[in-house]
Amino acid sequence: MVLCAGFCVAVAFTSCKSNESLYKKAYEKAKAQEAAQAAAQETETNVVAPLETKPATQTRVLDNADNVTVREEKVTLVNGSGLKNFSVVVGAFGMQSNAEGLQQRLKAAGYDAQIVKNVDRNMFRVVAATFDNKLDAARSRDEFRAQYPDAWLLYNK
């Protein structure tokens, strides 16, 4: 019985022995595929179509007001004289006291700054100027970007 058990153990250990040659073949195959892919990438060339020059016969000037991005938000007036259709926002704060600080600096510089609140995002927006049309608002925003590079346009829903 002991002899039979010993024979079974010997068979079990010899059948579980890893075959290094199979691992070596798989490794060599993967290396060959990797080398083939690298060679294919080196031989690829990008083809670029030639540039065609055409004479300019007409020039059309646009005011570019339609290409200005405007953020639509539902806001309520917290402090100020009232909003028109388009507003230039120069700051956004989570705390009202921070927004009031920027508002005071803008008022000291001669602007009619206002504070509005976006209830959905719980943010206080500082409006430096407000306008009836988009073109005037875009021009004003461009002027404010000299001092406030992140200035953007707001349309109150």
**Prompt:** What about GLU100, is it among the charged types (D, E, K, R) and assigned to a helix (DSSP H, G or I)?
**Reply:** yes
**Message:** Looking only at segment 85-97, how many residues end up being under 20 Å from ALA109 (Cβ atoms) and either open to solvent by 80 Å² or more (accessible area, probe 1.4 Å) or in a strand (DSSP E or B) (or both)?
**Reply:** 7
**Failed criterion for PHE144 (all others in (1) open to solvent by less than 80 Å² (accessible area, probe 1.4 Å); (2) more than 15 Å from GLY91 (Cβ to Cβ) hold)** = (2)
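The values are calculated or read from the model by the stated rules, or taken from the named source; none is laboratory data. Small disclaimer: the values here were computed from a predicted structure and weren't measured. Every residue, glycine among them, receives a Cβ derived from its backbone with ideal geometry; neighbour counts consider all protein chains shown. Ligands, DNA and RNA are stripped out before the accessible areas are found, and what is left, the full protein with its side chains, is counted by its heavy atoms. Shrake-Rupley method; radii C 1.70, N 1.55, O 1.52, S 1.80 Å.
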